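Presented below is the structure to which this report refers.
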Amino acid sequence: MDNSQGGIDVSTAPGPPPGFEHAGSLRQRARAAGLDPDYWYAVEEAHRIKPGTVVEIIFWKRSIALYRCMDGSFRAIENRCAHRQIKLTLGEVQGCRLVCDYHGWQYDENGCPYDPSGSGRDLSKLSLKTYPVKVRYGLIWLFPGNPEVAESRQIPEIPELEGPDRWACVPLSFTWLAHHSMIIDNVSDFSHAHLHRKYRPFEDAALTRCETIGDNVHVAYNTRVGRGRISGLFVDHKRFNTNHMDLCFEYPYQRSNTDDAIKHWLFVLPIDERTTRVFFLFFFKSLKVPLLPIRIPRFAMYMILSIANRRLIGPLLSEDGVAVEAEQKGYEKHWDAPAYEYNPVVGAFQKVIVRKWREYLVRGTENGVAGF
């Protein structure tokens, strides 16, 4: 059998097995799996996309052009012109149409092209795929899968972030060179407190629950939350029980809750096997003035969180980014090394990720579509 590709013998080439179907161990399958596209995915912070602009969004190696019309609404379409296949993100927005930079073909909300040259040709058969888009919690959400499923599949409900009494929240986003499963492992595996010894977001974690129910993995720790030298001064430990945290991998999202007072959600956007965009939402019922038993007024919370994101939370999360990027490099070099996992939550997450991806691949095969 000829195992060569372009002169390289792939049977002896370094790196993990090529593809999900060739992976052997649970870890290898998890690191090769994508995420089911039939969910809503956060793709960008809404304030970053100004009216009249277009950006490229990549969901599991598929390029999508996300643009904002001059009226402020958002639309998404395959990132290619049906004429010569060049990226539509090279073009511009005119009104509510996306215009190809090459020949000026214009695409409407249905993905139907229009040739402004006056040729009169019917181009409706060349329509491109469009994607449902919504805005919620300051994030732009895109549904990359079957659009018929979009209305029945809901964006996560976060009641604390809606209504006149909503809690303050300032999103944080990063692009990390690591597989999405490594990031899910990281945010719910509290055995890595040593990594955060400078900021001390949690300490002395003891796992008290790890239970998989359907597509959700429920996790709980007895742990000391928010004990940092500076950040701990803003948390009212007398009013709230900050010695216990509940978490959940609610596929494909992750969330945590500390005494209904400190909460967070993590949304991942899988770009490819080694790149992931991450969106963090941290929100607090209240914070107190350091050294005083006085709550910070709600109108000042956004300013405080903006500063905290820059000075505390962002640098803290960057430590996780450095760790998972190093883990990605280590995995690519030692992909066949034995996996020693002492926290059972990691295996539980990976089982759900592998099962859901396999279910999607089977569903795609049954519908005549091999993969994504």
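For the chain, give the magnitude of the charge dipole about the Cα centre (Cβ charges: +1 Lys/Arg, -1 Asp/Glu; no others), in debye to the nearest 20.
For the chain, the charge dipole is close to 1140 debye.
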Worksheet entry | Under 14 Å from the Cα of K129 - aspartates and glutamates, other chains or at least 8 residues apart | E78, D108, E109, E148
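Could you compute how fast the range 151-201 diffuses translationally, taking Rh as the Kirkwood radius over C-alpha pairs and applying Stokes-Einstein at 25 °C with viscosity 0.890 mPa s? Give it in µm² per second.
On the way: Rh = 14.6 Å.
It diffuses with D of about 168 µm²/s by this estimate.
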Worksheet, complete the sentence: Taking the chain and a Cβ-Cβ threshold of 4.7 Å, the cysteines left without a partner are C112, C169, C210, C248
Worksheet entry | Lys/Arg +1, Asp/Glu -1 at C-beta; the chain dipole; positive extreme among L312, G91, F283 | L312
Worksheet item: How large, in Å, is the range 41-144 by the Kirkwood hydrodynamic radius built from its alpha-carbon pairs?
Response: 13.7
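Rg/Rh for the range 168-355: what does it come to with C-alpha atoms and Rh from Kirkwood? Walk me through the intermediate numbers first.
Working: Rg = 16.7 Å, Rh = 17.3 Å.
Radius of gyration relative to Kirkwood radius: 0.97.
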Worksheet entry | Ascending count of other beta-carbon atoms within 10 Å, so fewest first, for W40, W167 | W167, W40
Discussion item. With unit charges on the beta carbons (Lys and Arg positive, Asp and Glu negative) and the dipole taken about the Cα centre of the range 168-355, which residue among N343, N257, V268 sits farthest to the positive side?
Written reply: N257
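Find the percent of Cα-Cα distances in the chain that exceed 40 Å, and round it to a whole number. Present the calculation step by step, with values, prior to reporting the outcome.
Numbers: 15051 of 69006 pairs.
Cα-Cα pairs of the chain separated by over 40 Å account for 22 percent.
Rounded to two decimal places and with Rh computed the Kirkwood way over Cα pairs, what is Rg over Rh for the range 128-231? Before the final figure, lay out the partial values.
Details: Rg = 17.9 Å, Rh = 17.5 Å.
Rg/Rh for the range 128-231 comes to 1.02.
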Discussion item. Just to be sure I understand the model, the point goes 7 Å from the Cα along the line to the Cβ. What's the resulting E21 to E341 distance in nm?
Written reply: 2.5
Item to complete: Please state the charge dipole magnitude for the range 168-355, taken about the Cα centre, from unit charges on C-beta atoms (+1 on K and R, -1 on D and E), reported in debye and rounded to the nearest 20.
Response: 1060
Worksheet item: According to a simple spin-label model (label point 7 Å from Cα along Cα-to-Cβ), what is the distance in nm between A46 and R311?
Response: 2.9
Item to complete: Return the subset of K87/K125; K238/K288; K61/K329; K285/K351; K263/K288; K134/K356 for which the Cα-Cα distance in this structure is over 22 Å, preserving the input order.
Response: K285/K351; K134/K356
Response to the item:
In the chain, taking the dipole from +1 charges on Lys and Arg beta carbons and -1 charges on Asp and Glu beta carbons about the Cα centre, the listed residue (V55, S25, P116) farthest towards the positive end is V55
Worksheet item: Which trypsin sites (Lys or Arg not before Pro) does the range 63-93 hold that lie in a coil by DSSP with at most 13 other beta carbons within 10 Å?
Response: R84
Worksheet item: Straight-line reach from K50: which aspartates and glutamates have a Cα under 13 Å away, not including same-chain ones fewer than 8 places off?
Response: D71, E92
Response to the item:
By Cβ neighbour count within 10 Å, fewest first, M70, M182 rank M70, M182
Worksheet item: Can you pull out the chymotrypsin sites (Phe, Trp or Tyr not before Pro) in the range 277-371 that DSSP calls coil and that have at most 13 other Cβ atoms within 10 Å?
Response: Y340, Y342
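Within the chain, what's the longest stretch lacking GluC sites (Glu not before Pro) that sit in DSSP loops with no more than 16 other Cβ atoms inside 10 Å?
On the way: sites that count: E109, E151, E157, E162, E341.
Longest stretch, sites excluded: 163-340.
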Discussion item. For a quick check of your reading of the filter: which trypsin sites (Lys or Arg not before Pro) in the range 172-279 sit in a DSSP loop and have no more than 13 other Cβ atoms within 10 Å?
Written reply: R197, K198, R229, K238
Response to the item:
Sorted by chain and then number, the residues having a modelled amide H within less than 5 Å of the amide H of E44, at least 5 places away or on another chain, are I140
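Quick note: the coordinates plus some simple rules give every number you see, no bench work behind them. In this text, all values refer to a predicted model and were calculated from it rather than measured experimentally. Cβ: placed from backbone, ideal geometry, glycine included. Neighbour counts: every protein chain shown.
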